[in-house]
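The values are calculated or read from the model by the stated rules, or taken from the named source; none is laboratory data. Just so you know, these numbers come straight off a predicted model, no measurement behind them. Please note: Cβ atoms are built from the backbone with ideal geometry, for glycine as well, and neighbour counts cover all protein chains shown. Side chains are part of the model used for accessible areas, which takes the heavy atoms of the whole protein and leaves out ligands, DNA and RNA. Shrake-Rupley method; radii C 1.70, N 1.55, O 1.52, S 1.80 Å.
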Amino acid sequence: MFRKFLHTVLFVPAVALPAAAFELPAPIDDADYIQSDPELAAIGRLLFYDKVLSGNRNISCGTCHHHDLNGADGLSLGIGEGGEGIGRDRSPGYEEMRIHARIPRSAPPIWNLGHKGISSVFHDGRLQLGDRWGNGFDSPAEDWLPKGLTSILAVQALFPITSHDEMAGNPGENEIADAVVPRLDGGWPIIAARIREIPAYVRMFSAAYDHVNGPEDITIVEIANAIGAFEAQEWQSHDSDFDAYVAGDDTALDAPEMRGMELFFGAAQCSTCHSGPLFTDQQFHALALPHFGPGKTRPWDPVPRDIGRMLKTDDLADAYRFRTPSLRNVALTAPYGHNGSMPTLEAMIRHHVDPAASLAAWTPEMAGLPDVPWLSTADFVMREDTLEDARMLARVEVDLPPLTDTEIGELVAFLECLTGRTAAERPMGRPDAVPSGLPVD
Ligand code: HEC
Ligand code: HEC
């Protein structure tokens, strides 16, 4: 029997506190995820790690969303195509292949995105479910999105491969990078053509799909659906201590963790935004994390800042707003925030409680960035811009009560209880080899 959702804390600490009532989110089970065809997911796993999808055949999805790094890259801002290695050891490339810019935002971990409740992806939600373009998805590809994509994850997979810095490479370097300049959808047929030339993929796609009888039937849609199937199946995680507690195991959380839970859903007000079974309202809020790196803003903006949700909506009210992230497995996926500016859970919580003080105290050493000597001056120019900090602070939307050091420690202890007990044991894992024969990161 699942614990009743309206929950009364029965735990009595040394100094008795009044019992507080709060709501626990509904439990998750396997039926809450979109169902993936295992055969298709197996192809998706290979594609996810196959560098053949990148313009210069030098980076895969797995480079930035790696199994060894819990579905992310462990960096504040990642290094896209042109780099080598993973995580903190990733190099920025050499000579003409060296990177021109860091990736402007932090690679989010991809846990639980196959949950049926997911309606929005990317830090600014620029891909959402919706029928604005008559195809079920409100995405940067608008009405150019091909038909037949089966999930929001499949749609998402179409974008990194068209991004110059992430996977496509720079114009002049390869046919994909050139094709995406005039139109976002120009690269997709070229990528599909590469896959059609690899017999192992043709065999697997023909076996998995009734409508694929030969290379000519493989399009970017089949490719993206396979990647989406893999992500949805591989990265499910809902067996944390907290889940055990919700399912009725009273011993699953110890005393500090229980106090952290009580704060989270009660006085500290965390669950006003980190709500529901995935601990996110999937809405957008401004928290004023410090700008650094190339930023993401409108083309004519001279200030290298990240204006967040406003990029999608063009509405000033959305300036600096970012999507509330899920907190499942959050203890595994430092650094935190849309740009990875906060190195620890404690620093992130302190920032929520007092954004102005946190912003003022922030130093570049807090960013986890691989060394890139030719970018080091540009990386932190924004830290001199006090006017921009003031603009950002004026839009902050968290107004939380102060927390003692003990309470922050208890909240951290509770967040650590959201780590899946089997998070490290993924059902499929990273492949050692991929059909293109290219090396696997
Ligand atoms: C160079 C690093 C890099 C590569 C390569 C890369 N990604 Fe990402 N990924 C990111 C970053 C950074 C974001 C966040 C971008 C944003 O929100 O603006 C992201 C976002 C995502 C998201 C949305 C997560 C969420 O919670 O909203 C998914 C899913 C994802 N990537 C899957 C993929 C797939 C599939 C591929 C390969 C086709 C891929 N990524 C290649 C860095 C990368
Ligand atoms: C007003 C809504 C709101 C409230 C209340 C709130 N958060 Fe957040 N939280 C966010 C948003 C939005 C982000 C992402 C901000 C960004 O990337 O710029 C975030 C990020 C985080 C992160 C980083 C997760 C990651 O993967 O990067 C943690 C941890 C976190 N919040 C914990 C908490 C805790 C603990 C509380 C209660 C003390 C809390 N939050 C209260 C909206 C909120």
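For (1) within 15 Å of I227 (Cβ to Cβ); (2) not β-branched (V, I, T), each residue gets a yes or a no:
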residue	(1), (2)
G85	no, yes
E96	no, yes
H100	no, yes
I103	no, no
A107	no, yes
S120	no, yes
Q156	yes, yes
G169	no, yes
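Collect the residues in region 291-309 that are within 20 Å of the chain's Cα centre (by Cα) and in contact (Cβ under 8 Å) with a residue 60 or more places away in the chain, keeping them in residue-number order. Listed by number, the residues that qualify are H291, F292, G293, P294, G295, K296, R305, D306, G308, R309. Residues in region 86-109 that are in contact with a strand residue (DSSP E or B) (Cβ under 8 Å, 6 or more places away or on another chain) and open to solvent by less than 30 Å² (accessible area, probe 1.4 Å): G87, R90, S91, G93, R105, S106, A107. Among the residues of region 282-294, those identified as within 14 Å of ligand 1 (Cβ to nearest atom), part of a loop (DSSP other than H, G, I, E, B) and either in the same structural domain as L127 (by TED's automatic domain parsing) or open to solvent by 20 Å² or more (accessible area, probe 1.4 Å) (or both) are Q282, Q283, P294. Among residues that are within 20 Å of the chain's Cα centre (by Cα) and open to solvent by 20 Å² or more (accessible area, probe 1.4 Å), A331 is included. Sub-9 Å Cβ pairs linking a first residue in region 346-368 that is aromatic (F, W, Y) to a second residue that is near ligand 2 (Cβ under 9 Å from one of its atoms), at least 6 apart or interchain, are W362/L289; W362/S341; W362/M342; W362/H351, ordered by first then second residue. Residues in region 248-269: is at least one within 16 Å of ligand 1 (Cβ to nearest atom) and either under 22 Å from I103 (Cβ atoms) or in the same structural domain as L24 (by TED's automatic domain parsing) (or both)? No, because not a single residue in region 248-269 is within 16 Å of ligand 1 (Cβ to nearest atom) and either under 22 Å from I103 (Cβ atoms) or in the same structural domain as L24 (by TED's automatic domain parsing) (or both).
The number of residues in region 369-383 being touching a residue at least 12 places away in the same chain (Cβ under 8 Å), out of contact with any Gly (no Cβ under 7 Å at 6 or more places or on another chain) and surrounded by 11 or more Cβ atoms within 10 Å (Cβ to Cβ) comes to 9. Screening S275 against (1) of a type outside the set (A, V, I, L, M); (2) open to solvent by 30 Å² or more (accessible area, probe 1.4 Å); (3) assigned to a helix (DSSP H, G or I); (4) closer than 24 Å to L113 by Cβ leaves a single unmet condition, (3).
In region 207-242, the qualifying residues are those that are open to solvent by less than 40 Å² (accessible area, probe 1.4 Å) and of a type in the set (S, T, Y), and the one that is nearest to ligand 1 (Cβ to nearest atom) is S237.
Would you mind finding the one in M310, M348, M366 that is within 9 Å of ligand 2 (Cβ to nearest atom), hydrophobic (A, V, I, L, M, F, W, C) and at pLDDT 95 or above? Spell out the reasoning first.
Details: M310 fails: within 9 Å of ligand 2 (Cβ to nearest atom); M366 fails: within 9 Å of ligand 2 (Cβ to nearest atom).
Going through M310, M348, M366 in turn, the sole match is M348.
I'd like to check something: does region 384-400 contain any residue that is surrounded by fewer than 18 Cβ atoms within 10 Å (Cβ to Cβ) and farther than 20 Å from A288 by Cβ? Among the residues of region 384-400, not one is surrounded by fewer than 18 Cβ atoms within 10 Å (Cβ to Cβ) and farther than 20 Å from A288 by Cβ, which makes the answer no.
All conditions in (1) within 13 Å of ligand 1 (Cβ to nearest atom); (2) part of a helix (DSSP H, G or I); (3) closer than 18 Å to N225 by Cβ hold for I176, with the sole exception of (3).
When G437 is tested against (1) open to solvent by 20 Å² or more (accessible area, probe 1.4 Å); (2) more than 24 Å from the chain's Cα centre (by Cα); (3) on the phi < 0 side of the Ramachandran plot, only condition (3) is not met.
Restricting E84, E96 to those that are away from ligand 1 (no atom under 13 Å from the Cβ) and not aliphatic (A, V, I, L, M) reduces the list to E96. Considering (1) assigned to a loop (DSSP other than H, G, I, E, B); (2) under 13 Å from I195 (Cβ atoms); (3) within 23 Å of the chain's Cα centre (by Cα), the lone condition that V212 does not fulfil carries the number (3). Only one of the listed residues (G186, G148) is more than 14 Å from ligand 1 (Cβ to nearest atom) and part of a helix (DSSP H, G or I). That residue is G186.
Tell me, please, whether a residue that is within 8 Å of ligand 1 (Cβ to nearest atom), assigned to a loop (DSSP other than H, G, I, E, B), under 20 Å from G172 (Cα atoms) and touching a Gly at 6+ places or on another chain (Cβ under 8 Å) can be found in region 54-77. Yes, region 54-77 contains a residue that is within 8 Å of ligand 1 (Cβ to nearest atom), assigned to a loop (DSSP other than H, G, I, E, B), under 20 Å from G172 (Cα atoms) and touching a Gly at 6+ places or on another chain (Cβ under 8 Å). Here L40 meets each of (1) open to solvent by less than 30 Å² (accessible area, probe 1.4 Å); (2) modelled with pLDDT under 95; (3) in contact with a helix residue (DSSP H, G or I) (Cβ under 7 Å, 6 or more places away or on another chain) with one exception, condition (2). For region 116-171, the set of residues classified as among the polar types (S, T, N, Q) and in contact (Cβ under 8 Å) with a residue 40 or more places away in the chain consists of S119, S120, T150, S151, Q156, S163, N170, listed by residue number.
Which of the residues belonging to region 222-259 are more than 16 Å from ligand 2 (Cβ to nearest atom), closer than 30 Å to A192 by Cβ and of a type outside the set (G, A, S)?
Restricting attention to region 222-259, the residues satisfying the condition of being more than 16 Å from ligand 2 (Cβ to nearest atom) are 222-234, 236, 238-239, 241, 243-252, 254-255.
If we keep only those that are closer than 30 Å to A192 by Cβ as well, we get 222-234, 236.
Matches in region 222-259: E222, I223, N225, I227, F230, E231, Q233, E234, Q236.
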